[in-house]
Amino acid sequence: MIAYQILFGIAFCFGLLEVFLLMKHDEQPAKIDETSLKKKTMDWSIFKYKNYVSFLVAALFFNFAWQMAWGIFNIYHVRVVGVTIFWISMFSVGSMLAQIISFPLWKKWAEKRSNTLVFVWAAIGMATTPFLTVLSTNLFYITIIQTSSGFFLAGVVLLLFNLLLEQSPSEVRTYCITTYNVLLSVVAFIAPQIGIWLLNSLGVETAMYINSILRLLAACLFFIVYLKYARKPGLTL
């Protein structure tokens, strides 16, 4: 209990430091363009851009498959494996270290190939995590799997953001990003509920297998998008 109090106290201190540093920023007053005030709150023309719509569908489906397993992983680790606070911290540290180390690699690969194609690789890697997790309850094995998932997670996070910017036309980019984030919030609310329902209905192992299949399908969907648009002139999917 004392350890939790110390950790929350440290987090609180960092929060105060963040507020202090933000208050030290000196910003110039924003100049308001009167014509921008007359703009509508939503520009539905964003859906006429086929590249953006294709990315939006593929990205939302991937996020659905990714996020529906969040609750399943936690329940599996606690109920089946019986992990302690120490091992949970080991999972987090391993995943975070893998992400920090691999971010430059994913950036390099994306520049050499393309954001979409390299994202397919990362998504396939993410698809293996649920399947591999339930193969053993050995804590050292699960730590390795969680660390490897951090490697692929770094690619997913980096490349999804790159693709969002890449496939959002500059003239309506604000609307594209806002629409993506709003729909992503809806997915983040629904997906874990479905994941828990699958767990309660079919069991943890079956739920994990289904999640791996869905993640793999999401990777295939991005590959289809790549094949459809990447070879056209002027596109850098």
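Worth a mention:
- Distance from the range 184-232 to the range 37-102 (C-alpha centre basis), Å: 10 Å
- Neighbour count of at most 11 Cβ within 10 Å plus DSSP loop: longest trypsin sites (Lys or Arg not before Pro)-free window in the chain: 41-230
- Rounded if a/c under 1.5, otherwise prolate or oblate - the range 125-188, Cα gyration tensor axes: prolate
- P(r) weight above 25 Å for the range 112-237, C-alpha pairs, percent: 34 percent
- Residue-averaged 222 nm ellipticity for the chain, from DSSP H runs of 4+ at -39500 (n - 2.57), nearest 500: -26000 deg cm²/dmol
- Accessible area of the chain divided out per residue, in Å², using a probe of 1.4 angstrom: 61 Å²
- Protein accessible area in the range 33-161, 1.4 Å probe - carbon and sulfur %: 70 percent
The values are calculated or read from the model by the stated rules, or taken from the named source; none is laboratory data. Small disclaimer: the values here were computed from a predicted structure and weren't measured. So basically every Cβ, Gly included, is an ideal-geometry build from the backbone, and we count neighbours across all protein chains shown. Calculation scope for accessible area: heavy atoms of the full protein, side chains included, ligands and nucleic acids excluded. Shrake-Rupley method; radii C 1.70, N 1.55, O 1.52, S 1.80 Å.
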